[in-house]
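The values are calculated or read from the model by the stated rules, or taken from the named source; none is laboratory data. These figures come from a predicted structure and were not determined experimentally. Note that each Cβ is placed from the backbone with ideal geometry, even for glycine, and that neighbours are counted across all protein chains shown.
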């Protein structure tokens, strides 16, 4: 049943949404994007009353992103920096349900939600997903924004910081671990290191524009992050995958983690993203360990 929900959801979405990478599959690797992402600025949490927008330079030009201080518990409490899934609009829809205020654990941590570029509206996302270069620029900006959030929390005296996210946010979590590794805990949810597999081999491939053999090779090269993960100590990384996931297939994403310990829930991608209680339990299990 979970796998069927994934298949139906992605095929319906592919009928009505613009195809990924329809205007081009050319891009430098993420490392090049990160080197060109503007980082000569600081994030001051004391100046954010609720939410702030930031403009960050990238290889495709300035991109708008956002940070929302959802809850502040002070420097003695642990903090979570959370990144949403792809095309999740509003971007804090899942966030507000995972960190439900009725759960007492939520009221004991500081919570920051990040908004990736291209997520201000559906039309904005359609523009962002039109080229692979836009997509890579988005990933680099999200990683940079996560690092600024972690740095800002450290400046406030917060001692324990977790970076986590669902789906796209899970990939950003892993990329922040690979390229920054400044958080104490990493909690990638419903994602692994093989983003290329999602666009080329999974049920999600129907949402991608037709690709030549050369274009598939480019996607393989720039959207697979397994080598970087293998080069890191991942004792503080605690992934969660869905056994019946057809968008980010369990077998492939589990393999991408190598010997990293992975927790599994009996859901698909869509039903897993809606399993707010199980996601919440996983986060707090490791945040407070």
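Within the bounds of the range 162-175, is there any residue that is more than 21 Å from residue 115 (Cβ to Cβ) and modelled with pLDDT of 95 or more?
No: the range 162-175 contains no residue that is more than 21 Å from residue 115 (Cβ to Cβ) and modelled with pLDDT of 95 or more.
May I ask you to say which residue of 122, 127, 105, 97 is farther than 25 Å from residue 44 by Cα and without any contact (Cβ under 8 Å) to a residue 24 or more places away in the chain?
Sole residue among the options that is farther than 25 Å from residue 44 by Cα and without any contact (Cβ under 8 Å) to a residue 24 or more places away in the chain: 127.
For a quick check of your reading: which helices (runs of 4 or more DSSP H) sit entirely within the range 198-289 and have at least 1 residues that are under 29 Å from residue 133 (Cα atoms) and at pLDDT 95 or above?
Counting at least 1 such residues, we get 213-222, 226-230, 250-256, 269-273.
Which residue out of 145, 187, 114 is without any contact (Cβ under 8 Å) to a residue 60 or more places away in the chain and at negative phi?
Of 145, 187, 114, the one residue that is without any contact (Cβ under 8 Å) to a residue 60 or more places away in the chain and at negative phi is 114.
Anything in the range 151-174 that is buried (at least 24 other Cβ atoms within 10 Å of the Cβ), part of a helix (DSSP H, G or I) and over 11 Å from the mean Cα position of the chain (by Cα)? List them, or say none.
153
If you go through the range 72-86 one residue at a time, how many are in contact with a helix residue (DSSP H, G or I) (Cβ under 7 Å, 6 or more places away or on another chain) and surrounded by fewer than 18 Cβ atoms within 10 Å (Cβ to Cβ)?
Residues in the range 72-86 being in contact with a helix residue (DSSP H, G or I) (Cβ under 7 Å, 6 or more places away or on another chain) and surrounded by fewer than 18 Cβ atoms within 10 Å (Cβ to Cβ): 2 in total.
Assuming residue 215 fulfils every condition listed in (1) surrounded by 16 or more Cβ atoms within 10 Å (Cβ to Cβ); (2) more than 19 Å from residue 165 (Cα to Cα); (3) under 19 Å from the mean Cα position of the chain (by Cα) apart from one, which condition is it?
(3)
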